[in-house]
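These notes are about the structure you will find just below.
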Amino acid sequence: MTDYSEYELATRAVRAGQQRSDEGEHSEAIYPTSSFVFSSAAEAAARFSGDQPGNIYSRFTNPTVRTFEERLASMEGGQRCVATSSGMSAILATCAGLLEAGDHIVSSRSIFGTTTLLFSNVLSRFGIETTFVSLSDINSWEAAIRPETRMLFLETPSNPLTELCDIKQLSALAHSHGCLLVVDNCFCTPVLQQPLALGADIVIHSATKYLDGQGRCIGGAVVGDDERVGRDVYGFLRTAGPTMSPFNAWVFLKGLETLSLRMQAHCSSALGIAQWLETQAAVTRVYHPGLASHPQHELASRQQQGYGGIVSFELQGGQQAAWSLIDSLQIFSITANLGDAKSTVTHPATTTHGRLTAEQREEAGISDGLIRLAVGLEDTHDLQNDLAAGLSA
Ligand SMILES: *Cc1c(COP(=O)(O)O)cnc(C)c1O
């Protein structure tokens, strides 16, 4: 197999990991098989004992899944990637593979809602405690670290307020305390941000979002080194079972091939819409890292190769105004998913953050007038006109 490690990211996204079968197929093959056949009893024994490498069973390895893993590992600059059945199982497998009862996690408070529940309601029952801190405040991370802390966990930029964390700075802090730094890179993808190169130890993906790019499949991935990911996280996965199906791996492979182009388009359209929203009288505040008004614009320019497809904004008039704008939109889909070719709109206060108390929402900066857009691949002016019609109504 060709080594693509010296090529640019867009080339690796199209080419890395493919191993053609004897049929000479140009596009990657899908291998929908649960098990693999051995030529003899002795070969079966050698495979099972590990003396001979090769496929045994698709919970352990599958050629289509392996191609996806090798391609994403190459794009993130990691030694190993393991694919999972969802983004959540990627986070679970990372924690279950690397932590044990008595260990402690320090996590950003501004993470995907289900990840918060996994930490506080599930891992807690297995003796793993989590302290939540403010994403951009390095002092609060340091203050929360204890002797038993093993892992720091974050997403940057955050959802929906696009707050950033300096990954390089946090990785220095993590390593000085013997902790692993785990970054959920779902919002940026390797096209816009490579956390491993900035000092992170593990990168997590919900492949469901931009890696798929067309809202079709649920999947996830963990990227890192041979020991932690290749041995420990993989060891949990092959035993516990939340692995990726070959069909989903194939859809994500096709998604990776267009990821660079799509991310550029998401970024340029989102920035255009964010800049335009800033000029609208009914809009009191716009959140997007590409805006000069963003408090961490300089960090975003240094740490990322683009500002992403998420734009949030606050409307005068609270929930009523937000809901009536959302209901007036003709193009944007009212759905919580993101990273799709189709633009989506959500009202965080009554959906993704609806289970928080009013005080928790206020602390998190989620006002009743806040709207989140995940800008898709439709024409930017059509999207802008859709919003303009809603704002003037
Ligand atoms: C969606 C999402 C997840 C969870 O991924 P699933 O594929 O839905 O399990 C985790 N992190 C972030 C940032 C997400 O947006």
Quick check: anything in region 247-263 crowded, with 20+ Cβ neighbours inside 10 Å, assigned by TED's automatic domain parsing to the domain that holds ASN159, within 15 Å of the ligand (Cβ to nearest atom) and not in a helix (DSSP H, G or I)? no
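Going by the structure shown, is ASP212 away from the ligand (no atom under 16 Å from the Cβ) and touching a helix residue (DSSP H, G or I) at 6+ places or on another chain (Cβ under 8 Å)? Spell out the reasoning first.
Working: away from the ligand (no atom under 16 Å from the Cβ): no; touching a helix residue (DSSP H, G or I) at 6+ places or on another chain (Cβ under 8 Å): yes.
Against the criterion (away from the ligand (no atom under 16 Å from the Cβ) and touching a helix residue (DSSP H, G or I) at 6+ places or on another chain (Cβ under 8 Å)), ASP212 does not qualify.
Report yes if some residue within region 141-156 is among the basic types (Lys, Arg) and either within 16 Å of the ligand (Cβ to nearest atom) or under 23 Å from the mean Cα position of the chain (by Cα) (or both); otherwise report no.
Scanning region 141-156, I find at least one residue that is among the basic types (Lys, Arg) and either within 16 Å of the ligand (Cβ to nearest atom) or under 23 Å from the mean Cα position of the chain (by Cα) (or both), so the answer is yes.
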So which residues in region 179-232 are in contact with an Asp or Glu (Cβ under 9 Å, 6 or more places away or on another chain), part of a loop (DSSP other than H, G, I, E, B), over 22 Å from GLY290 (Cα atoms) and among the polar types (S, T, N, Q)? GLN214
Sort out for me the strands (runs of 3 or more DSSP E) sitting completely within region 29-135 that have 1 or more residues that are within 15 Å of the ligand (Cβ to nearest atom). 80-84, 104-108
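Please work out if SER268 is more than 17 Å from the chain's Cα centre (by Cα), among the hydroxyl-bearing types (Ser, Thr, Tyr) and under 14 Å from GLN305 (Cα atoms).
Values: more than 17 Å from the chain's Cα centre (by Cα): yes; among the hydroxyl-bearing types (Ser, Thr, Tyr): yes; under 14 Å from GLN305 (Cα atoms): yes.
Against the criterion (more than 17 Å from the chain's Cα centre (by Cα), among the hydroxyl-bearing types (Ser, Thr, Tyr) and under 14 Å from GLN305 (Cα atoms)), SER268 qualifies.
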Selection from region 345-363 of residues that are at pLDDT 85 or above, surrounded by 17 or more Cβ atoms within 10 Å (Cβ to Cβ) and hydrophobic (A, V, I, L, M, F, W, C): VAL345, ALA349
Scanning region 160-181 for residues that are surrounded by 24 or more Cβ atoms within 10 Å (Cβ to Cβ) and among the polar types (S, T, N, Q) gives THR162
Number of positions in region 308-356 that are in contact (Cβ under 8 Å) with a residue 60 or more places away in the chain and among the hydroxyl-bearing types (Ser, Thr, Tyr): 5
Here are the criteria: (1) within 11 Å of the ligand (Cβ to nearest atom); (2) surrounded by fewer than 19 Cβ atoms within 10 Å (Cβ to Cβ). Tell me which single one ASP184 does not satisfy. (2)
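Return the total of residues in region 248-303 being among the β-branched types (Val, Ile, Thr) and in contact (Cβ under 8 Å) with a residue 40 or more places away in the chain. Walk me through it before giving the result.
Quick first cut of region 248-303, residues among the β-branched types (Val, Ile, Thr) only: 251, 258, 273, 279, 283-284, 286.
Now restrict to residues that are in contact (Cβ under 8 Å) with a residue 40 or more places away in the chain: 258, 273, 283-284.
Looking only at that region, the number is 4.
Based on what the data block shows, is ALA240 surrounded by fewer than 23 Cβ atoms within 10 Å (Cβ to Cβ), of a type outside the set (Asp, Glu) and either over 30 Å from ALA292 (Cβ atoms) or touching a Lys or Arg at 6+ places or on another chain (Cβ under 8 Å) (or both)?
yes
The values are calculated or read from the model by the stated rules, or taken from the named source; none is laboratory data. Treat the numbers as computed from the prediction; the structure is a model and nothing was measured. Heads up, the Cβs are rebuilt from the backbone with ideal geometry, glycines too, and the neighbour counts pull from every protein chain shown.
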